[in-house]
Amino acid sequence: MESPFNADLLKGKVALLTGGGSGIGFEISTQFGKHGASIAIMGRRKQVLDTAVSALHSLGIPAVGFEGDVRKQEDAKRVVDSTFKHFGRLDILVNAAAGNFLVSAEDLSPNGFRTVMDIDSVGTFTMCHEALKYLKKGGPGRSSSGGGTILNISATLHYTASWYQIHVSAAKAAVDATTRNLALEWGTDYDIRVNGIAPGPIGDTPGMSKLAPEEINSKARDYMPLYKLGEKWDIAMAALYLASDAGKYVNGTTIPVDGGLWLTKPRHLPKEAVRQLSRAVESRSREKPVALPTSKL
Ligand code: COA
């Protein structure tokens, strides 16, 4: 689909994306690049990075890949510094790296819980921590008035509760808290906007194939009235809005981009039945006003 934004929306900007070589992260890399940004991708797998960078180059997008694991602070520092060395500035940090698997709470080991917290929550904070010096107003390559921006990819799992996702729900709740707290502190002190996106189920992503194989997916459509898959493009458009000047007054919020799915509840009565029932109850109460016993007056 064509983007509704101008092609120079992010002209001259440099974006670093963790997990930017595959899935939602790669679509954001591509759309940011198509809108004028230079792209640095951080990931653990060299082959994924190489493929992603070649794909971006073939679109004429300046791009570079850096191997690294967000769980290692030395990797985070090296990649952030290398991005600055390569492009001469850093404007946008997107934390899209995540770990996930389906497991019941009773089958999950504390180390399994910790692993996802380490990738999603601590990893997000570590990247923000290392990127701060380049993102803050007056930092290297920046003017004294304009700070950069951070975008954290979250989820809607923890808005209520989610089966077999206790570790990710806890991790993304921490990510959302980090988004708000950094927005408060770094927005005030350094002019850095910090926001998040909470994608619903997005087709053709590693997350979907891990968490909702097709057999689960087709059943879900039956019992969730709003159930439909989103596209990676939907998330990338929200990312463009938040990371560009279009979102310049938005700070500290996480936008659910899920078609309203997290609000889904089973419909307990058909609409027609509600109309009839509601009118019947109304007219019954008009016909027979409830008389209070005189002893209570
Ligand atoms: N069910 C239950 N526990 C699991 C599990 C599963 N499917 N997969 C991993 N774990 C547990 C392990 O048993 C281990 O705990 P233990 O030491 O108590 O046994 C712990 O998690 C760490 O596993 P390990 O395989 O050593 O971690 P890793 O660092 O190699 O991989 C993962 C991290 C597990 C998150 C891996 O799935 C990953 O790298 N994911 C990245 C990509 C991804 O998930 N993308 C989807 C985004 S939505």
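Worth a mention:
- Residue that is farthest from Pro199 (Cα to Cα) [pool: residues in the range 247-273 that are surrounded by fewer than 14 Cβ atoms within 10 Å (Cβ to Cβ), in contact (Cβ under 8 Å) with a residue 24 or more places away in the chain and among the charged types (D, E, K, R)]: Arg267
- Among residues of the range 123-146 that are under 25 Å from Lys172 (Cα atoms) and touching a residue at least 40 places away in the same chain (Cβ under 8 Å), those with a beta-carbon under 9 Å from a residue that is of a type in the set (Gly, Ala, Ser) and open to solvent by 60 Å² or more (accessible area, probe 1.4 Å) at least six positions away or on a different chain give the pairs Gly123/Ala98.
Every residue, every condition in (1) at pLDDT 80 or above; (2) in a loop (DSSP other than H, G, I, E, B); (3) aliphatic (A, V, I, L, M); (4) surrounded by fewer than 15 Cβ atoms within 10 Å (Cβ to Cβ), yes or no:
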residue	(1), (2), (3), (4)
Asn195	yes, no, no, no
Ala198	yes, no, yes, no
Ala238	yes, no, yes, no
Tyr241	yes, no, no, no
Arg275	yes, no, no, yes
Ser295	no, no, no, yes
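- The condition of being closer than 27 Å to Asn251 by Cβ, within 16 Å of the ligand (Cβ to nearest atom) and either open to solvent by 40 Å² or more (accessible area, probe 1.4 Å) or β-branched (Val, Ile, Thr) (or both) holds for only one of Met127, Met117, that being Met117.
- Residues that are surrounded by 24 or more Cβ atoms within 10 Å (Cβ to Cβ) and either under 19 Å from Ile202 (Cβ atoms) or touching a Lys or Arg at 6+ places or on another chain (Cβ under 6 Å) (or both), drawn from the range 150-174: Leu151, Asn152, Ile153, Ser154, Ala155, Val168, Ala171, Lys172
- If you go through the range 11-28 and keep only what is polar (S, T, N, Q) and either open to solvent by 10 Å² or more (accessible area, probe 1.4 Å) or away from the ligand (no atom under 16 Å from the Cβ) (or both), you end up with just Ser22.
- In the range 229-245, the residues that are closer than 20 Å to Leu90 by Cβ reach residues that are open to solvent by 20 Å² or more (accessible area, probe 1.4 Å) and assigned to a helix (DSSP H, G or I) with C-beta atoms within less than 9 angstrom, at least six apart or across chains, in these pairs: Ala236/Ile24; Ala236/Glu27; Ala239/Ile24; Ala239/Glu27; Leu240/Ala246.
The values are calculated or read from the model by the stated rules, or taken from the named source; none is laboratory data. Every value quoted in this text rests on a predicted model; they were computed, and no experiment measured them. Backbone-built Cβ (ideal geometry, glycine too); neighbour counts: all protein chains shown. With ligands, DNA and RNA removed, areas are computed over all heavy atoms of the protein, side chains included. Shrake-Rupley method; radii C 1.70, N 1.55, O 1.52, S 1.80 Å.
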